[in-house]
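The values are calculated or read from the model by the stated rules, or taken from the named source; none is laboratory data. This is a predicted model, so every value here is computed, not measured. Cβ placement follows ideal geometry from the backbone for every residue including glycine, while neighbour counts extend to all protein chains displayed. To get the accessible areas, we keep the full protein, side chains included, count just its heavy atoms, and leave off ligands, DNA and RNA. Shrake-Rupley method; radii C 1.70, N 1.55, O 1.52, S 1.80 Å.
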Amino acid sequence: MKAKVVITDYVWESLDVERKMLGELAELVPLKTKKPEEFLDAAKDCDALLNTYAGPITADVMSKMPKCRIIARYGIGVDTIDLEAATKAGIIVTNNPTYCIEEVAEHTMALLLACARKIPFYDRMVRSGRWEVPPGKPIYRIVGRTLGLVGFGNIARQVAVRAAAFGMRVLYADPFVKEGQFDAPAKKTELDSLLSESDFVSLHPPLTPDTRQMMNDRAFSRMKPSAFLINCARGPVVDTDALVRALDAKKIAGCALDTTDPEPLPDPHPLRGRENVIVAPHAAWYSEQAMAGLQAGAPGEVRRVLTGEWPLNVVNRAVKGKNRAGL
């Protein structure tokens, strides 16, 4: 008897990768849903759930999938899945932590450079028929400027390497990383001093109850009026209303956001249409190579569980030894 694997939602054109990895083991049920009530009917007797954005997957949702052994997320963040409830239910939760490290680090640097050199501003001006330098003033050279990284995980450490190559001084604040723990060109400091010393503040923490809206009125008031905020992490790490207030009051010089709260950013919205704000549609993760790694990671984990192996990237490690898969 084949296992049943439900795909709640996906963003690629074909499911050839999933069929190749799981075809002989499982019946695949691909859906394009956004909310649990849309996928639960199909998932009530599933053995595994492959998940991109659909959620939130709460204790209540899990109670309606009594056979589910694994929820495998295609991406990195697992803020839409109740990990404690999954552990209690004996469901293994996996993510895909390495598929887009380089991409997000590159995108972060691209946004930093775009802020520093005011490239989107000048491009819009030239398109509208103006060819002049003064409207972009002031611009400062990047060498010797300070980049503050909030969070110092895989991606932030790659940003540090790239920023150091540009001659920047790099600081990081991360309660879970000790000074010298990683061979990376950055110095550990406390969040408050990072905010007050940095010319660019780049956000890289996971979204947790502690980091939700950590960039609030108080945080913005500590930043330099000449500093830029960059967010390629999760939108809700920033209090959007506080960011708008900081921009209105000229407490910061501008921002570049690959993720926003809410997402997509409504139109109209007070962050849209500002010359000192860059917004991208949550695209930092994407490259053709990352897409291939993203699509293969989660079904690979499901395959491991269905064939009796412990998966590679388990997020709720406490589930080992007391899970429905008996692993």
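Okay, here's what the table says:
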{"item": "Filter result (in contact with a Lys or Arg (Cβ under 9 Å, 6 or more places away or on another chain) and not in a loop (DSSP other than H, G, I, E, B)) within the stretch 268-287", "result": "VAL279"}
{"item": "Complete set of residues in the stretch 270-293 that are closer than 13 Å to ALA256 by Cα and touching a residue at least 24 places away in the same chain (Cβ under 8 Å)", "result": "LEU271, ARG274, GLU275, ASN276, VAL277, ILE278, ALA280, HIS282, ALA283, ALA284"}
{"item": "Complete set of residues in the stretch 85-117 that are open to solvent by 50 Å² or more (accessible area, probe 1.4 Å) and touching a helix residue (DSSP H, G or I) at 6+ places or on another chain (Cβ under 8 Å)", "result": "LYS88, THR98, GLU102, GLU106"}
{"item": "Some residue of the stretch 305-323 being open to solvent by less than 70 Å² (accessible area, probe 1.4 Å), over 14 Å from ALA72 (Cβ atoms), assigned to a loop (DSSP other than H, G, I, E, B) and touching a helix residue (DSSP H, G or I) at 6+ places or on another chain (Cβ under 7 Å)", "result": "no"}
{"item": "Tally of residues being in contact (Cβ under 8 Å) with a residue 60 or more places away in the chain and not in a loop (DSSP other than H, G, I, E, B) across the stretch 5-45", "result": "6"}
{"item": "When residues of the stretch 257-275 are limited to those that are in contact with a helix residue (DSSP H, G or I) (Cβ under 7 Å, 6 or more places away or on another chain) and charged (D, E, K, R), the one nearest to LEU203 (Cα to Cα)", "result": "ASP258"}
{"item": "Which listed residue, of ARG124, ARG169, ARG145, is out of contact with any Gly (no Cβ under 9 Å at 6 or more places or on another chain) and of a type in the set (D, E, K, R)", "result": "ARG124"}
{"item": "Residue in the stretch 44-64 that is more than 20 Å from GLY300 (Cα to Cα) and in contact with a Cys (Cβ under 8 Å, 6 or more places away or on another chain) present", "result": "yes"}
{"item": "Matching residues, the stretch 203-222, being over 20 Å from ASP248 (Cα atoms) and touching a Leu at 6+ places or on another chain (Cβ under 7 Å)", "result": "HIS204"}
{"item": "Test: ARG303 is under 25 Å from ASP123 (Cβ atoms) and either over 21 Å from the mean Cα position of the chain (by Cα) or free of Cβ contacts under 8 Å to residues at least 60 places away in the same chain (or both)", "result": "no"}
{"item": "Answer residue from the stretch 1-25, given it is within 14 Å of ARG304 (Cα to Cα) and touching a strand residue (DSSP E or B) at 6+ places or on another chain (Cβ under 8 Å) and is most open to solvent (accessible area, probe 1.4 Å) among those", "result": "LEU25"}
{"item": "Residue within the stretch 291-302 that is out of contact with any strand residue (DSSP E or B) (no Cβ under 8 Å at 6 or more places or on another chain) and among the charged types (D, E, K, R) present", "result": "no"}
